[in-house]
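What follows draws every value from the coordinates through simple rules; no lab data is involved. All values derive from a computational prediction rather than experimental measurement. All Cβ positions, even for glycine, are placed from backbone atoms using ideal geometry, and neighbour counts span all protein chains on display.
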Amino acid sequence: MTSLSSDKRMLKYDVTAPYSNIFCFSTTRYGGCSQGNYASLNCTPYTGDSAECVRKNQELLCSAMPQPPRELIIPFQTHGTRIVMIDEDFIRSTKSEQFDLLQATDALITDQPGYCICISTADCIPILLYDRAHQVIAAVHAGWRGTVNRLLQLALKQMEQRYQTEGKDIIACMGPGISLPSFEVGDEVYEAFREKGFPMDYISEWKPATHKYHIDLWAANRMQLNDFGVPSAQIESAGICTYIRHDDFFSARRLGIKSGRMLSGIMITGN
């Protein structure tokens, strides 16, 4: 199960506790300097928040980590399926080139120690992966579009092709996001999942009172992990609904697009 740090700035994942050479987390709304809909620990640029507040919040986050990262790598997400490798070529690139490479990117993979790869969310599901056999990590942004297009599965396949990752070696953390009771969708979203072959009786529920379907993004992504061979005991789900607990975690459905984002990150510490 997840546990809250003493300063309330981040959630930690117990499933990773046996592995001292990695650190992963998801931020809360507490302990930062941002105001209004960004209050208070918004560490993500691209949201309209003050750049100075974002910088200070990132410094606060890094200071709370057991090892300061060389860099927080935060992509500009667009609910697509583009995956970027944070490899030696990326690291040798100029800051401008790195910025360009991170545009329209919704998943990151790396085997480079000290680089904290991150995903920004506010109702979407952040998924952090660790291949304990090959020392490879990934961060995946699984909103409904990423989920229906099986971005998590694509990331796992890339890890398999490049690093020989196997499901039995994956440790997976699924962070706070919108829950089935809160995720009411239109018929077009339901049909998108059905047409892609998802078992709708397992991942969705019809609410007679509202005549709307609700979808379970955690379940739809857990299926992708299981299909890759990840044992259920190696998958941890925070089980925290951001829409319900919007005072503790950012929720775009509650606050609107111009609001803060949780940051979920994972790093190989080199210990």
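Quick notes
- Simple rule: put +1 on each Lys or Arg Cβ and -1 on each Asp or Glu Cβ in region 211-259, find the dipole, and look at Ala233, Ser251, Met223; the Cα lying farthest toward the positive end is Ser251.
- Each other residue within a Cβ distance under 15 Å of Ile125 adds +1 if Lys or Arg and -1 if Asp or Glu, for a net charge of +2.
- Working from label points 7 Å from Cα in the Cα-to-Cβ sense, the Asp100 to Ser50 distance is 3.3 nm.
- The count of lysine pairs in the chain whose Cα atoms are under 28 Å apart, excluding pairs fewer than 8 places apart on the same chain, comes to 15.
- Using C-alpha pairs under 8 Å with a sequence gap of at least 6, the mean separation divided by the residue count of the chain gives a relative contact order of 26 percent.
- Counting beta carbons within 10 Å around each of Lys95, Lys258 and listing the fewest first gives the order Lys95, Lys258.
- Packing-based exposure ordering (other Cβ within 10 Å, fewest first) of Asp201, Asp248, Asp87, Asp106: Asp201, Asp87, Asp248, Asp106
- Ranking of Leu41, Leu217 by neighbouring Cβ atoms within 10 Å, starting from the fewest: Leu217, Leu41.
- Between the labelled values (1) 13.6; (2) 14.5; (3) 19.1, the entry that holds mean projected area of the Cα convex hull in nm² as derived from this structure is (1).
- Charge dipole of the chain about the Cα centre (unit charges at C-beta), most positive-ward option of Cys33, Met174, Gln158: Cys33
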